[in-house]
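Quick notes on the structure that follows.
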């Protein structure tokens with residue numbers, strides 16, 4: 001039995017996920033009624049979550065605005081989602097405020113997630129990984145993962161960290 005399988009023993013295998021893309025340009029495209037807003041990261045997240053047997057119960061695109069991000073997180077947490085994935089707003093520009101908003105909401109932080117994500121990112125993109133402030137934590141017995149907006153970052157985080165450990169993480173969050 002693999003270590004992740006051993007950790008998840010007795011845990012539920014099927015979960016519900018909320019996905020939030022934080023991007024002002026994509027938000028305005030959606031607001032203007034465009035069908036294809038080019039949300040490659042959100043699409044990648046939905047694809048990987050579903051491919052691993054979980055449901056996407058909520059999806060939204062938000063602008064880089066503290067109040068809108070807060071409202072979006074509260075709305076996502078009010079669904080029956082077990083975990084939340086955000087992509088975008090984790091960098092260092094003045095518009096990157098996702099971490100500031102979500103950090104205030106966390107009841108418990110999971111620093112190991114950010115550390116492991118940056119280690120794995122370093123293996124793929126080198127020292128540019130220092131620009132990422134990816135975090136994860138717990139809010140109201142739900143887990144939230146804040147990822148960079150790159151589709152490759154979303155793939156890496158979901159395939160290499162989140163999906164293999166989600167059952168184990170949620171088992172502990174709910175104890």
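I'd like the per residue volume of the convex hull spanned by the Cα atoms of the range 104-175, given in cubic angstrom.
Taking only Cα atoms, the range 104-175 has a hull volume of 85 Å³ per residue.
Once you place label points 7 Å from the Cα toward the Cβ at residue 40 and residue 92, how far apart are they in nm?
2.3
Can you tell me the alpha carbon radius of gyration of the range 61-141 divided by the globular rule-of-thumb value 2.2 N^0.38 Å?
Working: Rg = 13.2 Å, N = 81, 2.2 N^0.38 = 11.7 Å.
Taking N as the residue count of the range 61-141, the ratio is 1.13.
Please report the orientation-averaged projected area of the range 15-173, defined via the convex hull of its C-alpha atoms, in nm².
For the range 15-173, the mean projected area of the Cα convex hull comes to 8.6 nm².
Would you please put 37-47, 141-151 in order of how densely packed they are, using the mean number of other Cβ atoms within 10 angstrom per residue and starting with the highest?
141-151, 37-47
Cut-off is 10 Å between beta-carbons; in what order do 168, 14 appear when sorted fewest neighbours first?
14, 168
What nm value, rounded to one decimal, do you get for the distance between residue 104 and residue 118 when each label is placed 7 Å out toward the C-beta?
2.4
Taking a quarter of the surface of the convex hull around the Cα atoms of the range 18-70, what do you get in nm²?
Reported value for the Cα convex hull: 3.8 nm².
Tell me, what is the percent relative contact order of the chain, built from C-alpha pairs under 8 Å that lie six or more residues apart?
That works out to 28 percent.
Using just the helices of the chain, give the 222 nm mean residue ellipticity in deg cm²/dmol: DSSP H runs with n ≥ 4 each add -39,500 (n - 2.57), and the total is spread over all residues, rounded to 500. Provide the component values of the computation, followed by the final result.
Details: 8 runs with 79 residues, N = 175.
Calculated at 222 nm, the ellipticity per residue is -13000 deg cm²/dmol.
In whole percent, what relative contact order does the range 92-137 give with Cα contacts below 8 Å and a gap of six or more residues?
Averaging sequence separation for qualifying contacts and normalising by length gives 51 percent for the range 92-137.
Less than 18 Å from a label point 7 Å out along the Cα-to-Cβ axis of residue 25: which backbone N atoms in the range 68-102 qualify, by residue?
87-98
Using only the alpha-carbon atoms, what does the range 42-83 span along each of its principal axes? Please give whole angstrom values in decreasing order.
32, 20, 10
Compute the angle between helix 66-77 and the longest alpha-carbon principal axis of the chain, please, reported from 0 to 90 degrees and rounded to the nearest 10.
So the inclination is approximately 40 degrees.
The numbers here are math on the coordinates, done by the rules we state, and not lab data. In this text, all values refer to a predicted model and were calculated from it rather than measured experimentally. Ideal geometry is used to build each Cβ from the backbone, glycine not excepted, and the neighbour counts take in all protein chains shown.
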